[in-house]
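*Asks:* Below: one structure in structure tokens.
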Amino acid sequence: MSVDGAYDIAVVGSGFAGSLFAMIARRLGYSVVLVERGKHPRVVIGESSTPLTNLLLEELTTRYNLPSLTSLAKWGSWQNVHPEVACGLKRGFTFYHHNLNCAGETDVKREDQLLVAASPRDEISDTHWYRAGFDSLFVREAVNLGVEYLDETELLGVAESSNEVALTGRRGDQPVRLTARFVVDASGPHGFLHRSLGLQSLDLPNFPSTQALYGHFSDVSRLEDQHRETPHEVPPYPVDDAAVHHVFDGGWIWVLQFNNGITSAGVAATDSFAARMNFANEAQAWNRITESIPVLKEQFVKAKVQHGFKRIPRLSFRSARVAGKRWALLPSAAGFVDPLLSTGFPLTLLGIDRLARLIENDWDSPDFTTKLKTYAAITDAELIATGRLIGSLYANMTNFPAFVSLSLLYFAVASFSETVRRLKKPYLAQSFLLHDHPAFGPAFNRICDRALTIRSREESDQLSKDVLQAIEPFNIIGLGDSKHRNWYPINAQDLFDSAVKIQSSEGEISRMLRSCGFSI
Ligand SMILES: Cc1cc2nc3c(=O)[nH]c(=O)nc-3n(C[C@H](O)[C@H](O)[C@H](O)COP(=O)(O)OP(=O)(O)OC[C@H]3O[C@@H](n4cnc5c(N)ncnc54)[C@H](O)[C@@H]3O)c2cc1C
């Protein structure tokens with residue numbers, strides 16, 4: 001027996017992104033096959049969401065009538081509707097800077113840390129997605145909507161003709177032959193179409209060659225139990241209920257805690273750091289790095305790795321082509337930079353949004369091909385902008401004040417973009433990182449480029465001033481205000497004070513804060 005079928009749309013890869021796209025295509029009335037090489041549930045990395053991620057998830061699942069998934073856009077509704085799916089609480093972004101092998105002294109000026117709150121309370125907070133359960137739920141929902149799901153299917157070939165694409169492969173000992181009018185590749189970096197079509201890979205401009213080593217752990221304690229902060233100072237959120245980043249010369253470590261006793265942790269680092277630590281020797285390298293940072297040594301003293309370590313010898317990726325006449329790569333298959341600012345999910349969801357609208361509005365129109373080219377160009381441009389920013393952060397991991405300043409580029413435009421979208425004014429922030437904004441885009445590029453070659457304290461100070469100037473029209477949360485000493489709480493008054501920047505009245509801001517649950 002062979003597996004045959006003719007569909008409107010074939011989606012390759014059933015991570016949350018492929019399943020979500022498949023569901024949207026079904027909701028638009030198309031026949032859809034979703035092809036997965038592996039089997040759910042599976043252990044997969046890429047877990048930390050952001051306010052923009054969750055807003056996009058909420059928008060997409062509302063627009064395409066997927067109510068059971070809308071609940072996953074906030075910690076509180078997730079706990080109510082899907083308590084069976086493990087989840088982590090993410091109230092903000094926590095960064096600590098370390099000099100390896102140095103005892104950590106408490107820095108009263110807080111120049112060795114950056115805490116940026118993303119939500120004022122748990123109920124409406126962001127989350128870390130425990131992908132084994134999260135992605136399984138998405139596949140189940142897709143199947144319930146009538147998506148044909150083929151798991152444990154190895155696709156081996158693709159052939160494009162004038163009116164369809166044929167996919168061939170095997171499912172166990174059965175041959176598989178599927179045809180579709182359009183193929184969406186959601187199979188991740190170096191994925192199915194990239195390899196089958198023999199597409200080239202390109203470098204990301206100004207981004208170093210980096211690697212990753214990571215795992216899921218049990219028995220990891222909480223940083224707050226180490227009582228590092230001075231007693232009278234209360235951080236804007238519990239520091240562990242966050243994406244916790246430990247930055248040092250050559251790389252950084254992430255720690256994400258879930259409510260099922262599992263902690264996701266890993267290190268991303270330059271090739272030279274990875275060589276020095278001998279990443280190939282996975283457990284030893286991990287222990288060596290964590291033991292050279294006192295707070296991590298204590299936090300991981302009893303930790304046990306769950307499914308072994310995983311290593312990615314080349315983290316960044318950029319495909320030379322993103323779309324053809326009858327196929328498109330989702331942003332997560334078109335490229336990847338680094339997990340540093342949790343940019344993978346929002347980029348992917350923005351891509352899903354664009355591609356879904358294209359299929360919704362232009363499927364049979366003569367403009368389809370032209371608009372697909374625009375989709376490809378935007379996807380690549382957003383990837384490059386992300387690479388530029390994170391490349392500038394890598395260049396300043398020893399110069400933490402510059403690192404903090406550069407990260408404000410991200411926090412300013414991310415919070416601005418989220419807010420104007422919530423205010424139903426997305427035209428005020430049309431591109432990720434505002435990279436094509438006529439004033440901000442060029443300033444952003446200049447700053448990121450200059451950040452690669454900072455040599456002196458003066459240059460570093462000047463860079464910080466230039467960052468503050470560049471973000472000023474978008475800075476609606478008081479970033480860079482020295483009174484905060486690198487701890488940024490969420491404060492509704494900041495938005496009212498920035499009403500002009502977000503082109504909104506007090507009434508509009510109040511309504512928006514009520515509708516997103518900020519004020520009750
Ligand atoms: C180390 C690391 C940490 C990250 N952390 C974050 C983070 O904290 N926040 C964030 O926003 N982003 C993060 N990302 C990025 C994030 O993982 C991706 O943006 C996200 O996983 C995309 O999900 P996806 O569903 O597109 O792909 P995936 O989850 O990669 O799913 C791809 C699916 O395709 C299947 N597949 C692959 N090849 C084939 C084939 N030939 N045929 C059929 N099926 C195939 C795979 O089995 C898999 O199920 C991280 C990435 C890495 C590498």
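The values are calculated or read from the model by the stated rules, or taken from the named source; none is laboratory data. What you are looking at is a predicted structure, and each value in this text was computed from that prediction instead of being measured. Heads up, the Cβs are rebuilt from the backbone with ideal geometry, glycines too, and the neighbour counts pull from every protein chain shown.
Here's the yes/no breakdown for (1) assigned by TED's automatic domain parsing to the domain that holds Leu115; (2) surrounded by fewer than 20 Cβ atoms within 10 Å (Cβ to Cβ); (3) closer than 20 Å to His97 by Cα; (4) among the basic types (Lys, Arg):
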residue	(1), (2), (3), (4)
Asp436	no, yes, no, no
Gly441	no, yes, no, no
Asp449	no, yes, no, no
Glu458	no, yes, no, no
Leu463	no, no, yes, no
Pro473	no, yes, no, no
Ile477	no, no, no, no
Ser482	no, yes, yes, no
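*Asks:* Just to check your reading of the model, which residue among Thr374, Thr348 is within 16 Å of the ligand (Cβ to nearest atom), among the hydroxyl-bearing types (Ser, Thr, Tyr) and in a helix (DSSP H, G or I)?
*Replies:* Criteria check complete, one pass: Thr348.
*Asks:* Any chance region 355-369 includes a residue that's within 16 Å of the ligand (Cβ to nearest atom) and surrounded by fewer than 22 Cβ atoms within 10 Å (Cβ to Cβ)?
*Replies:* Yes, the conditions are met somewhere in region 355-369.
*Asks:* Ok, one more. Take the conditions more than 26 Å from Asp112 (Cβ to Cβ), among the hydrophobic types (A, V, I, L, M, F, W, C) and at pLDDT below 95 and apply them to Ile520. Does it pass?
*Replies:* Here the answer is yes, as Ile520 does meet what is asked.
*Asks:* When only residues in region 72-92 that are assigned to a helix (DSSP H, G or I) and within 24 Å of Gly13 (Cβ to Cβ) count, which is farthest from the ligand (Cβ to nearest atom)?
*Replies:* Across region 72-92, the extreme among qualifying residues is Trp78.
*Asks:* Within region 330-345, restricting attention to residues that are in a helix (DSSP H, G or I) and of a type in the set (A, V, I, L, M), which residue is nearest to the ligand (Cβ to nearest atom)?
*Replies:* For region 330-345, the residue satisfying everything is Ala333.
*Asks:* Could you count how many residues in region 47-71 are farther than 22 Å from Leu340 by Cβ and either part of a helix (DSSP H, G or I) or basic (Lys, Arg) (or both)?
*Replies:* Qualifying residue count, region 47-71: 11.
Residue-wise test of (1) touching a residue at least 60 places away in the same chain (Cβ under 8 Å); (2) not β-branched (Val, Ile, Thr).
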| site | (1), (2) |
| --- | --- |
| Ala412 | yes, yes |
| Arg421 | yes, yes |
| Pro426 | no, yes |
| Ala439 | no, yes |
| Asn486 | yes, yes |
| Pro489 | yes, yes |
| Ile502 | yes, no |
| Gly507 | no, yes |
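*Asks:* So which of Ala118, Ala132 is more than 30 Å from Asp481 (Cβ to Cβ), within 16 Å of the ligand (Cβ to nearest atom) and modelled with pLDDT of 95 or more?
*Replies:* Ala132 is the lone residue from the list that is more than 30 Å from Asp481 (Cβ to Cβ), within 16 Å of the ligand (Cβ to nearest atom) and modelled with pLDDT of 95 or more.
*Asks:* Which members of region 159-196 meet the condition of being in a strand (DSSP E or B), closer than 29 Å to Arg357 by Cβ and in contact (Cβ under 8 Å) with a residue 60 or more places away in the chain?
*Replies:* Hits for region 159-196 are Glu160, Val165, Leu167, Leu178, Thr179, Ala180, Arg181, Phe182, Val183, Val184, Asp185.
*Asks:* Which one of Val143, Val108 is aliphatic (A, V, I, L, M) and modelled with pLDDT under 95?
*Replies:* Val108
*Asks:* While we're on this one: Out of everything in region 21-46 that is assigned to a strand (DSSP E or B) and of a type in the set (Val, Ile, Thr), what residue ends up being nearest to the ligand (Cβ to nearest atom)?
*Replies:* Val35
*Asks:* Restricting attention to region 256-277, does a residue exist that is at pLDDT below 95, away from the ligand (no atom under 12 Å from the Cβ), in a helix (DSSP H, G or I) and buried (at least 23 other Cβ atoms within 10 Å of the Cβ)?
*Replies:* Looking for residues that are at pLDDT below 95, away from the ligand (no atom under 12 Å from the Cβ), in a helix (DSSP H, G or I) and buried (at least 23 other Cβ atoms within 10 Å of the Cβ), one finds none in region 256-277, hence no.
*Asks:* Please count how many residues of region 72-99 are over 23 Å from Trp254 (Cα atoms) and surrounded by fewer than 17 Cβ atoms within 10 Å (Cβ to Cβ).
*Replies:* 6
Table: residues versus (1) surrounded by 14 or more Cβ atoms within 10 Å (Cβ to Cβ); (2) outside the structural domain of Phe279 (by TED's automatic domain parsing); (3) modelled with pLDDT of 95 or more.
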| site | (1), (2), (3) |
| --- | --- |
| His194 | yes, yes, yes |
| Gly198 | no, yes, yes |
| Tyr214 | yes, no, yes |
| Ser218 | no, no, yes |
| Arg228 | yes, no, no |
| Val234 | no, no, no |
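*Asks:* Name the pairs: first residue in region 33-45 and at positive phi, second residue part of a loop (DSSP other than H, G, I, E, B) and more than 9 Å from the ligand (Cβ to nearest atom), Cβ to Cβ under 6 Å, at least 6 apart or on different chains?
*Replies:* none
*Asks:* Report yes if Lys371 is among the charged types (D, E, K, R) and over 25 Å from Thr62 (Cα atoms), otherwise no.
*Replies:* Spelling it out, it is not the case that Lys371 is among the charged types (D, E, K, R) and over 25 Å from Thr62 (Cα atoms).
*Asks:* Follow-up. Return the residue satisfying two criteria in turn: it lies in region 1-41 and is of a type outside the set (Val, Ile, Thr) and modelled with pLDDT under 95, and of such residues it is surrounded by the fewest Cβ atoms within 10 Å (Cβ to Cβ).
*Replies:* Residue satisfying both the conditions and the ranking: Met1.
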